[in-house]
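Asker: Here you go, one structure.
The values are calculated or read from the model by the stated rules, or taken from the named source; none is laboratory data. Computed from a predicted model, the values in this text were never measured in an experiment. Note: ideal-geometry Cβ built from the backbone for every residue, glycine included; neighbour counts use all protein chains shown.
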Amino acid sequence: MATNPQARVLELLKRFNSGSVVSIEALQNDDMWFGKSEKTIRRDLDVIKEYFPESFELIRGGKGEKGRYKAITKEVFSNFLDKDTLALMVQTFNIAQRNNLLDSLDISQADKKIIDARIKKSKDCYEFITKPYETKKSDVKLLQEIESAIHYKRYTTVTYEVNGETTTYSVKPYKIVFMNENFYLACENTSVEFLFTNFRLANIQKIEIQSKTFHINPDIEEFIKNMQTPWSKYTPEFRKYTVEVIVEVASAKARFFKAKKFLPSQKVVETKEDGALVLSFKVTQEMEMEELVKKWLPHMVVVEPLTLKEKIENELKEYLTTIEEK
């Protein structure tokens with residue numbers, strides 16, 4: 001069957017759009033390309049590439065295959081997205097629109113309008129009560145600078161503000177970490193007093209990237225991967241110095257801890273006859289558990305260590321005394 005180039009190209013576009021794999025060998029046995037050379041088929045594909053450079057990609061084929069191609073389609077994204085990924089993507093674009101971050105994208109106004117329209121549609125379906133990391137336009141440049149410092153492993157001077165006081169630190173930036181609905185810059189600190197520091201990005205006033213490069217400390221790199229809270233404390237060979245905290249959760253709230261790990265190290269030690277749970281957490285210091293315990297009072301009590309149990313009890317007594325005095 002004789003076919004013209006336009007018909008063949010349109011057929012290829014149709015197949016790519018449907019998510020089909022296009023194989024040069026298979027096309028040579030297809031009615032539309034029967035008798036056509038490999039060169040002719042590649043020319044048809046080149047026509048699409050010329051006008052739609054990102055429309056399809058070469059994928060790995062079997063041994064001896066001449067070429068297999070596939071487009072990224074809506075169907076692929078539908079299979080990829082689960083509820084957690086979808087919620088995160090919607091939240092990300094929601095933040096981007098709210099903080100005018102789309103202005104920094106190198107895309108056409110028409111494309112921005114399409115993205116804006118899709119974000120508006122998503123906002124009709126989602127409501128995010130807590131807002132992670134409210135940004136300003138100047139933060140886009142700061143993030144780009146931090147990413148550059150991390151990527152090229154450059155010593156960096158960080159100007160940091162806390163409670164109106166500004167301090168300057170010389171650091172080795174490792175990672176941007178998202179914890180407790182905030183972004184942090186995880187650094188190896190050149191100060192002997194603070195070997196490791198988490199800087200909250202919202203409090204960084206500016207950074208200056210130095211020309212000097214540094215080498216990654218594998219122990220600190222591994223520590224960052226295992227951080228559970230912003231209060232994780234680094235000590236060289238940190239695994240040797242973890243603290244085990246044992247708590248008991250009342251049966252009335254046990255279902256929440258069965259359904260979710262509130263820290264990655266959470267483990268069930270015992271399920272009691274009344275349904276209460278005894279849980280174990282491995283942390284770098286007791287402070288990491290204080291917020292979690294206080295959040296679940298009076299349904300969670302500390303069993304071990306006694307120092308943490310007594311600290312929380314003393315704080316509660318002090319609080320109750322203050323209330324009585326008022």
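Asker: If the requirement is being β-branched (Val, Ile, Thr) and under 21 Å from ASN189 (Cα atoms), which of these qualifies: ILE312, ILE224?
Answerer: Values: ILE312 fails: under 21 Å from ASN189 (Cα atoms).
Unique residue meeting the criteria: ILE224.
Asker: On to the next question. Hey, any hits in segment 222-235 for a residue that's in contact with a helix residue (DSSP H, G or I) (Cβ under 9 Å, 6 or more places away or on another chain), surrounded by 13 or more Cβ atoms within 10 Å (Cβ to Cβ), within 21 Å of ARG154 (Cα to Cα) and touching a residue at least 60 places away in the same chain (Cβ under 8 Å)?
Answerer: No: segment 222-235 contains no residue that is in contact with a helix residue (DSSP H, G or I) (Cβ under 9 Å, 6 or more places away or on another chain), surrounded by 13 or more Cβ atoms within 10 Å (Cβ to Cβ), within 21 Å of ARG154 (Cα to Cα) and touching a residue at least 60 places away in the same chain (Cβ under 8 Å).
Asker: Scanning segment 1-27 for residues that are surrounded by fewer than 17 Cβ atoms within 10 Å (Cβ to Cβ) and touching an Asp or Glu at 6+ places or on another chain (Cβ under 7 Å), which turns out modelled with the lowest pLDDT?
Answerer: Only one residue fits best here, namely MET1.
Asker: Residues of segment 164-205 being outside any strand (DSSP E or B) and at pLDDT 90 or above, which ones?
Answerer: Step one: list which residues in segment 164-205 are outside any strand (DSSP E or B), which gives 164, 180-181, 190-195, 201-203.
Once the filter is applied, which keeps residues that are outside any strand (DSSP E or B) and at pLDDT 90 or above, segment 164-205 yields only ASN203.
Asker: Then there's this: At pLDDT 95 or above, surrounded by fewer than 15 Cβ atoms within 10 Å (Cβ to Cβ) and not small (Gly, Ala, Ser), is that true of LEU306? Don't jump to the end; show me each part of the working.
Answerer: Numbers: at pLDDT 95 or above: yes; surrounded by fewer than 15 Cβ atoms within 10 Å (Cβ to Cβ): yes; not small (Gly, Ala, Ser): yes.
When the stated conditions are applied, LEU306 passes them.
Asker: May I ask you to list the residues in segment 170-182 that are hydroxyl-bearing (Ser, Thr, Tyr) and surrounded by fewer than 17 Cβ atoms within 10 Å (Cβ to Cβ)? Write out each step before concluding.
Answerer: From segment 170-182, those hydroxyl-bearing (Ser, Thr, Tyr) are 170, 174; that's our starting set.
Once the filter is applied, which keeps residues that are hydroxyl-bearing (Ser, Thr, Tyr) and surrounded by fewer than 17 Cβ atoms within 10 Å (Cβ to Cβ), segment 170-182 yields only SER170.
Asker: Looking for something out of contact with any helix residue (DSSP H, G or I) (no Cβ under 6 Å at 6 or more places or on another chain), at pLDDT below 95, over 24 Å from LYS309 (Cα atoms) and not assigned by TED's automatic domain parsing to the domain that holds VAL283 - is there at least one such residue anywhere in segment 237-257?
Answerer: yes
Asker: If you don't mind, there's one more thing I want to ask. Considering only residues that are part of a helix (DSSP H, G or I) and under 19 Å from LYS267 (Cα atoms), look in segment 226-239 and name the one that is nearest to the chain's Cα centre (by Cα). Give the steps one after another, and end with the answer.
Answerer: Residues of segment 226-239 that are part of a helix (DSSP H, G or I), as a first pass: 226, 238-239.
From what is left, the residues that are under 19 Å from LYS267 (Cα atoms) are 226, 239.
Working: ASN226: 14, ARG239: 24 Å.
So, considering only residues that are part of a helix (DSSP H, G or I) and under 19 Å from LYS267 (Cα atoms), the one nearest to the chain's Cα centre (by Cα) is ASN226.
Asker: Would you check which residues across segment 299-321 are of a type outside the set (Asp, Glu) and in contact (Cβ under 8 Å) with a residue 24 or more places away in the chain and list them? Explain how you work it out, then say what you get.
Answerer: Here is the first cut: in segment 299-321, the ones of a type outside the set (Asp, Glu) are 299-303, 305-309, 311-312, 314, 316-317, 319-321.
If the condition is that a residue be of a type outside the set (Asp, Glu) and in contact (Cβ under 8 Å) with a residue 24 or more places away in the chain, then HIS299, MET300, VAL301, VAL302, VAL303, PRO305, LEU308, LYS311 are the ones that fit.
Asker: Among what's in segment 276-297 and is among the charged types (D, E, K, R) and buried (at least 17 other Cβ atoms within 10 Å of the Cβ), pick the residue that is nearest to the chain's Cα centre (by Cα). Step through it out loud before you land on a result.
Answerer: Keep residues of segment 276-297 that are among the charged types (D, E, K, R), which gives 282, 286, 288, 290-291, 294-295.
Pick out the ones that are also buried (at least 17 other Cβ atoms within 10 Å of the Cβ) and you get 282, 286, 288, 290.
Details: LYS282: 23, GLU286: 26, GLU288: 21, GLU290: 25 Å.
Ranking the qualifying residues of segment 276-297, first place goes to GLU288.
Asker: Select from segment 163-183 the residues that are over 20 Å from PHE214 (Cα atoms) and in contact with a strand residue (DSSP E or B) (Cβ under 9 Å, 6 or more places away or on another chain) and list them in ascending order.
Answerer: Correct list: THR166, THR167, PHE178, MET179, ASN182, PHE183.
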